[in-house]
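The values are calculated or read from the model by the stated rules, or taken from the named source; none is laboratory data. Because the structure is a prediction, the values reported are computed rather than measured. Glycine gets a Cβ as well: all are built from the backbone with ideal geometry, and neighbour counts include every protein chain shown.
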Amino acid sequence: MIFINDNQTFHIKELNEDYNQQMLELIESCPMCSKDIDVIFTRRPDVFLLSKLHYEYLKFAGIFYNDDLIAIGMVGYEKVFVNGEEKYVFHFTDVYFKKEFRKRRLYPDFAPFFFRSSYKDSNLGYALILNNNIAAEKALLKNYPGKNNVPFAKKVAKMAYKTILVTFNKKINSEDKDFIIRNATEDDLQSIYQFLNNDYRDRLFAPVLSLEKLRSMNNNRPNFSIGSNYFLAFYKNELVGVVSAWDNREIKQTTVSRYGLKYSTSRWIYYLGEKIFSFPPLPNIGNAFKDITVCDCAIKDNDYKILTNILEYIYRKAHKQRINCINFGSFEGDPLLNACDAFFTEGVFVNLYLISKDINQFEKIKINRPYINWGLV
């Protein structure tokens, strides 16, 4: 597919693994920058692997200028719950532009490549944009008369992404002998499936699970097992919480490219804390954080105190393993976010957008407890 922009010719084509190195170089040229720290979210060694674990069908595409890859994007399809019903939706994501092309307004020429056709007749999807990324939001929300197959978009929710910093070790606080937290076993898989599925059915974009799908997902994730990564909470022998936490650094990394004054100072504090209190050391520039991410999460009655106890259980394990941080995200206003108050945390907000070529779709969608699997995006 060829298009002209400001008298320059660009080519769009689907990308496969042959372009993996070029895609990695483009992604790593686009750090997320703030006053305090610059980080790169990368996917070494294989850009495609994380998406293949998540989506039933996916398509990566890129824009080329003089044979140079200057932009990429991806659309992935999955079966989820929408208004309590099973539905195929798409996730429009992994959009990166080289810095010198970001003001060229290439999005309305790029988007039709993804949306001129769909998988399983899907006509609804979503996108996530970091809060205050004004340029990306304007491009997504703008209408483009005369441009076919550029979807409409609507901002519908704000998602909070919390990073729990692992510093001092935590003691076991709960003295209630009726409340137990433990690692799961293979024998718990049926109970995990039922508990998650009961919670997910009422959540926008939560995955539709089957026992076999859950087993397959767990078997295919690198560095993941039911016994090591699922944590269960029981009260008087009743299952009241299911959480999985995944160290996915084998396929997804958060690499530091710059420390600002705040984190440069923090590194000295961490250095002293490492000697006295066994703080996990912060990574050097060019290295990745040692982090784990909460993926599956369902708590009875959304009782954040239950989640606090589970996170403390995970935190103690993370401290022993010298993990830097634990990531947890949910929609703004979710009571479960209060569980993070028991820890030192940093956080960002991410906006959730509905996407469709049919603008009438938006008014039909109930924005009920929107779900994102943060370990796989």
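Details
- So I251, is it among the β-branched types (V, I, T), closer than 28 Å to E28 by Cα and in contact with a helix residue (DSSP H, G or I) (Cβ under 6 Å, 6 or more places away or on another chain): yes
- Pairs are defined by a Cβ separation below 6 Å, a sequence spacing of at least 6 or placement on different chains, a first member in region 104-115 that is in contact (Cβ under 8 Å) with a residue 12 or more places away in the chain, and a second member that is surrounded by 19 or more Cβ atoms within 10 Å (Cβ to Cβ) and of a type in the set (K, R); no pair meets this definition.
- Some residue of region 172-183 being acidic (D, E), free of Cβ contacts under 8 Å to residues at least 24 places away in the same chain and more than 24 Å from Y315 (Cα to Cα): no
- The single condition from (1) in contact (Cβ under 8 Å) with a residue 24 or more places away in the chain; (2) assigned to a helix (DSSP H, G or I); (3) assigned by TED's automatic domain parsing to the domain that holds S118; (4) not aliphatic (A, V, I, L, M) that N338 fails is (3).
- Once region 38-56 is narrowed to residues that are hydroxyl-bearing (S, T, Y) and in contact with a Gly (Cβ under 7 Å, 6 or more places away or on another chain), the residue that is surrounded by the fewest Cβ atoms within 10 Å (Cβ to Cβ) is Y55.
- For region 350-364, taking the residues that are crowded, with 18+ Cβ neighbours inside 10 Å and out of contact with any Phe, Trp or Tyr (no Cβ under 8 Å at 6 or more places or on another chain), the one that is modelled with the highest pLDDT is identified as N351.
- The residue that is surrounded by the most Cβ atoms within 10 Å (Cβ to Cβ), counting only those in region 85-111 that are more than 21 Å from I40 (Cβ to Cβ) and at pLDDT below 95, is R104.
- Within region 34-82, being under 24 Å from N220 (Cβ atoms) and of a type in the set (K, R) holds for R43, R44, K52, K59, K79.
- For beta carbons closer than 6 Å, sequence separation of 6+ or different chains, a first residue in region 55-66 that is over 18 Å from L106 (Cβ atoms) and a second that is assigned to a loop (DSSP other than H, G, I, E, B), the qualifying pairs are Y57/Y119.
- Any hit, region 178-187, residues being more than 20 Å from G375 (Cβ to Cβ), among the hydroxyl-bearing types (S, T, Y) and not in a loop (DSSP other than H, G, I, E, B): no
- For region 176-212, a residue qualifies if it is loosely packed, with under 15 Cβ neighbours inside 10 Å, farther than 19 Å from N237 by Cβ and acidic (D, E), and the qualifying residues are E186, D202, E212.
- Of all residue pairs spaced 6 or more apart or on separate chains, those with beta-carbon atoms under 9 Å, a first member in region 5-22 that is in the same structural domain as V95 (by TED's automatic domain parsing) and of a type outside the set (A, V, I, L, M, F, W, C) and a second member that is at pLDDT below 95 and in a strand (DSSP E or B) are T9/I2; T9/F3; H11/I2; H11/F3.
- Meets criteria (at pLDDT below 95 and farther than 19 Å from N83 by Cβ) for L376: yes
- Total residues in region 33-45 satisfying the condition of being under 17 Å from the mean Cα position of the chain (by Cα) and closer than 30 Å to K79 by Cβ: the figure is 4.
- Considering region 341-377, and only residues there that are among the aromatic types (F, W, Y) and outside any loop (DSSP other than H, G, I, E, B), the residue that is nearest to Y55 (Cα to Cα) turns out to be W374.
- Any hit, region 326-342, residues being of a type in the set (V, I, T) and surrounded by fewer than 20 Cβ atoms within 10 Å (Cβ to Cβ): no
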